[in-house]
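J.: Dumping the structure here so I can ask a few things about it.
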Amino acid sequence: LKKYSPIGELGDFAKEYAESLSESTGHITIISDRDTVIAVSGGSRKEYMDRPIGSVVETSMENRRTVFQQTPGEFEIIKDLPEKYASFVCSPIVAGGDPIGAVILLSKQEGTTMRQMEVKMAETAAGFLAKQMEQ
């Protein structure tokens, strides 16, 4: 049996949204449910898809706040796979007051930093996916 994921119902839709976001920003885009990655674009699907989320994403969801990092460092976006990122944005998807997933933008390219625009794009995507789940 596979664990039920409310946001997993949006699988194809989440994949298309991730592709659109990645094309617009040029960054790796990941959409997760509460436990695992459900959509990836701009990066290696094999590296990220169906992998458990890391502590950074869990904290963002628990606090229901966007996490935004502009300085390079090693972060655990994917569990047991701490990697060095130039910058990232993680925005929780909150539907009905409960966190059900996250939208994550990653940059591995040195000298590339996320700005307020990427934060707003991730938050908009998270808000849109939350509205879709509430309908």
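The values are calculated or read from the model by the stated rules, or taken from the named source; none is laboratory data. Model, not experiment: these values are computed from the prediction. Positions of Cβ are backbone-derived with ideal geometry, glycine not excepted, and every protein chain shown enters the neighbour counts. All accessible areas refer to the heavy atoms of the entire protein, side chains included, with ligands and DNA or RNA removed. Shrake-Rupley method; radii C 1.70, N 1.55, O 1.52, S 1.80 Å.
J.: Where does the chain land on Rg(C-alpha)/(2.2 N^0.38 Å)? Could the numbers behind the result be given before it?
T.: Working: Rg = 13.3 Å, N = 135, 2.2 N^0.38 = 14.2 Å.
That works out to 0.94 for the chain.
J.: Let me ask you something else. Based on DSSP H runs of at least 4 residues, each adding -39500 (n - 2.57), what is the mean residue ellipticity at 222 nm of the chain after dividing by all its residues, to the nearest 500 deg cm²/dmol? Can you show the working numbers first?
T.: Numbers: 4 runs with 47 residues, N = 135.
Rounded to the nearest 500, the figure is -10500 deg cm²/dmol.
J.: Counting other Cβ atoms within 10 Å, which GluC sites (Glu not before Pro) in segment 3-111 have at most 11 and lie in a DSSP loop? Numbers along the way, then the final one.
T.: Numbers: sites: 9, 16, 19, 23, 47, 58, 62, 74, 76, 83, 110; in loops: 110.
Qualifying residues, ordered by number: 110.
J.: Helix 116-134 against the longest principal axis of the chain: what's the angle in degrees, Cα atoms only, rounded to the nearest 10?
T.: Long axis of 116-134 versus the principal axis of the chain: about 10 degrees.
J.: State, as an integer percentage, the relative contact order of segment 59-135 based on alpha-carbon contacts under 8 Å between residues 6 or more apart. Please list the in-between numbers first.
T.: Working: 147 pairs, mean separation 22.8, N = 77.
Value for segment 59-135: 30 percent.
J.: Under 5 Å between amide hydrogens, which residues at least 5 positions from residue 79 or on another chain qualify, with H placed 1.01 Å from N in the peptide plane?
T.: Here the answer is 53, 54, since their amide H atoms fall under 5 Å of that of residue 79.
J.: For segment 41-56, in order, what is each residue's ³J(HN,Hα) by Karplus, 6.51 cos²θ - 1.76 cosθ + 1.60 with θ = phi - 60°, in whole Hz (x at glycine and Pro)?
T.: Calculated HN-Hα couplings, in order: 8, x, x, 6, 4, 4, 5, 10, 4, 6, 8, x, 6, x, 5, 4 Hz.
J.: Against the longest alpha carbon principal axis of the chain, how many degrees, from 0 to 90 and to the nearest 10, is the axis of helix 11-25 turned?
T.: 30
J.: Now for a separate question. If you average 1/r over all unlike Cα pairs in segment 88-135 and invert the result, what Kirkwood radius do you get in angstrom? Intermediate values should be presented prior to the final figure.
T.: Working: mean 1/r = 0.0889 Å⁻¹.
Radius from the Kirkwood sum: 11.2 Å.
J.: Another question about this same structure. In square nanometres, what is the average projected area of the Cα convex hull of segment 46-111? Intermediate values should be presented prior to the final figure.
T.: Working: hull surface 17.6 nm².
Taking a quarter of the hull surface, the average projection is 4.4 nm².
J.: In addition: Residues with amide H under 5 Å of residue 101's amide H, sequence separation 5 or more or different chain, H placed in the peptide plane at 1.01 Å from N; which?
T.: 93
J.: Show the residues, 5+ positions off or on another chain, whose built amide H is closer than 5 Å to the amide H of residue 39.
T.: Here 31 satisfy the definition.
J.: Let me ask something else about it. Accessible area of residue 12, 1.4 Å probe, to the nearest 10 Å²?
T.: 120
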